[in-house]
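Every read-out reported here was derived from the displayed coordinates using simple, explicitly stated rules and does not represent laboratory data. Everything quoted here is computed from the prediction, not taken from an experiment.
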Amino acid sequence: MGYFMYDVMGGTVDEPDSETMRRVLDGLAGADDEHPDVSLSHESGWSLSALASGLLLRENAEDDSVPLGQLRAVGREEVLRLFGLLASGDTAAIETLPWER
């Protein structure tokens with residue numbers, strides 16, 4: 001299945017490997033109010049957005065019945081792990097986390 005990332009400036013990276021995901025996530029160091037996050041989206045409609053503050057947002061653009069979820073104080077390595085799970089399509093593992101609604 002396909003996936004892609006948006007970097008902090010809104011540029012698209014198609015099917016990044018783990019090293020590219022790290023570089024895109026490093027771009028959060030230059031985040032500002034206009035460009036606050038990086039995200040990974042899967043063709044299933046699921047996406048994860050990471051903010052420099054440690055906030056991680058989860059949503060499904062294909063299913064309005066799924067509420068936006070958030071986790072606070074998520075470390076860089078955990079974000080990378082979750083991005084990897086989403087890239088592989090393992091949304092079930094992502095859903096086991098204690099998402100706040």
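Calculate one ³J(HN,Hα) per residue across segment 11-18 by plugging θ = phi - 60° into the Karplus curve 6.51 cos²θ - 1.76 cosθ + 1.60, and present them in order as whole Hz with x for glycine and proline.
Those phi angles translate into x, 9, 10, 7, 6, x, 7, 4 Hz.
Taking only DSSP H segments of four or more residues, each worth -39500 (n - 2.57), what value at 222 nm results for the chain once the sum is divided by all its residues, to the nearest 500 deg cm²/dmol?
Using -39500 (n - 2.57) per qualifying helix, the result is -7000 deg cm²/dmol.
Going from the alpha-carbon gyration tensor of the chain, what semi-axes, largest first and in whole Å, does one get by taking the root of 5 times each eigenvalue?
Over the Cα atoms of the chain, the ellipsoid semi-axes are 19, 16, 13 Å.
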